[in-house]
Amino acid sequence: MPNPQLKLTSEVKYLKGVGPTRAEVLAARGIHTVEDLLYYTPFRYEDRTHLTAVSDLVPGQTTTILVKVLTCGLTRTRRGKYIYDLAAIDASGSPYPRMIRCLWFNARYLDRNKTFRSGQQVFFYGKAELDFYGTGNLQIVQPQFEVIPESESAEAESLEVGRVVPIYESVGQLGPRILRRLMRTALESVGDQFAELLPASVRSKNSLAGRTHAFRLTHFPDGQQSFEELARFRTPAQIRLIFEELFNVSAGLALKHRKAKSAPGIEFQVTDNLRRDIKTILPFHPTGAQKRVLKEIAEDMC
């Protein structure tokens, strides 16, 4: 339900789930209002409508998998390099669950922060490769990941699985999962407060989607769009927000240019003595074209 007290111009700290501490983290990224937050759009999307089973992966395939962590820990090579090694088993519901390894190089922070634990369910996104030095199964090196809290079921999370999921660049300690929930809360809170900024003639000429529609489907695609177009940022909703940003920049530059042209300039008087002095300064005799250019410069200065 929309929150009648929350506006697009409201400080983001008043949005449910933010508060003063998270507001400071968001402010460091230039996000001060609810509207600023909604302009922080996904940098990519994952199609989690049909998760790939680990047993169906082939080397070279880039996809999203849902697994259950078996073991994890930090190891050190003979050359002193640190590798964080995680072994997991398929949790996508496949009747023939298969194991997979995930490796991170020089990622001691994963061990220090105790990011993974046995029994966790985790989404991994990356390219599958053959594990030549381990079990002979597949591995993913430096995968992106999202841990599903133990208190929640991955299958029950409507923002996490069974849909196209927006992936946001983390803001400090606020990862994609937290940002997704903040975006959903923001959209539900402001309702249809998105005033139209573009002139009707511009929207009509360029067949642009409405602003409310653009924000909602850019953050949470409804499955009607082509995933290929979504990944290329070419859906009508995405094009509308991209066009709006470019339009605002162009309009701002045009207004600045018009203001500069209307401002009074400094008038210079070009006398015969000045022309004679310029001729003596030039180390060459100007051509006819150069004389015309000098004449135009002198007229502009007047």
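Every read-out reported here was derived from the displayed coordinates using simple, explicitly stated rules and does not represent laboratory data. Please read all numbers here as calculations on a predicted model, not as lab measurements. No Cβ is skipped: glycine too gets one built from the backbone with ideal geometry, and neighbour counts run over all protein chains shown.
A few comments on the model shown:
- With contacts taken as Cα pairs under 8 Å and at least 6 residues apart, the chain reaches a relative contact order of 17 percent.
- Answer label for mean projected area of the Cα convex hull in nm² (calculated), chosen among (i) 21.1; (ii) 28.0; (iii) 20.3: (ii)
- Highest average packing first - 169-175, 286-292, 240-246, Cβ atoms within 10 Å: 240-246, 169-175, 286-292
- A simple charge model with +1 on the Cβ of Lys and Arg, -1 on the Cβ of Asp and Glu and nothing else charged puts the dipole of the chain at about 880 debye relative to its Cα centre.
- The simple spin-label model puts a point 7 Å past each Cα toward its Cβ; for THR49 and THR77 those points are separated by 4.1 nm.
- Percentage relative contact order, segment 1-114, counting C-alpha pairs under 8 Å, at least six apart: 17 percent
- Taking label points 7 Å from Cα along the Cα-to-Cβ direction, GLU129 and LEU197 give a separation of 4.2 nm.
- Whether segment 17-105 is rounded, prolate or oblate, judged on the alpha carbon gyration tensor where a/c under 1.5 counts as rounded: oblate
- Sequentially through segment 78-84, phi angles give Karplus couplings (6.51, -1.76, 1.60; θ = phi - 60°) of 4, 8, x, 7, 9, 10, 8 Hz, Gly and Pro residues having no value and appearing as x.
- Look at the Cα gyration tensor of segment 81-147: its axes a ≥ b ≥ c give a/c of at least 1.5 with a/b at or below b/c, and that counts as oblate.
- Taking Lys and Arg as +1 and Asp and Glu as -1, the other residues whose beta-carbon sits under 15 Å from that of PRO286 total +4.
- Pairwise Lys count, the chain - Cα closer than 27 Å, eight or more residues apart or different chains: 13
- For segment 235-252, 3J(HN,Hα) per residue [Karplus equation, 6.51 cos²θ - 1.76 cosθ + 1.60, θ = phi - 60°, Hz, x = Gly/Pro]: 6, x, 5, 5, 4, 4, 5, 5, 4, 4, 5, 5, 4, 5, 5, 5, 5, x
- For the pair ILE89 and GLN173, the difference between a 0.36 nm per residue extended length and the Cα-Cα distance amounts to 27.5 nm.
- Angle in degrees between helix 176-190 and the longest Cα principal axis of the chain, rounded to the nearest 10: 60 degrees
- Computed from backbone phi, the HN-Hα couplings of segment 262-271 come to 7, 6, x, x, 9, 8, 10, 9, 9, 9 Hz, rounded to whole numbers (Karplus: 6.51 cos²θ - 1.76 cosθ + 1.60, θ = phi - 60°; Gly and Pro given as x).
- For segment 127-285, size of Cβ-based charge dipole, Lys and Arg +1, Asp and Glu -1, in debye: 1280 debye
- Packing-based ranking, highest mean first, of 101-108, 60-67 given that Cβ atoms within 10 Å are counted: 60-67, 101-108
- Using the average count of surrounding beta-carbon atoms within 10 Å as a protection proxy, the listed peptides 211-223, 227-239 rank, highest first, as 211-223, 227-239.
- Between ASN137 and GLN5, the contour length at 0.36 nm per residue exceeds the Cα-Cα span by 42.1 nm.
- Options VAL165, GLN193, ASN113, ranked by Cα towards positive dipole end of segment 82-195, top entry (Cβ charges): ASN113
- Cut-off under 5 Å, modelled amide H: who pairs with GLN120 long-range: VAL69
- Residues of segment 244-277 with amide N under 18 Å of a point placed 7 Å along Cα→Cβ from ALA298: 267-277
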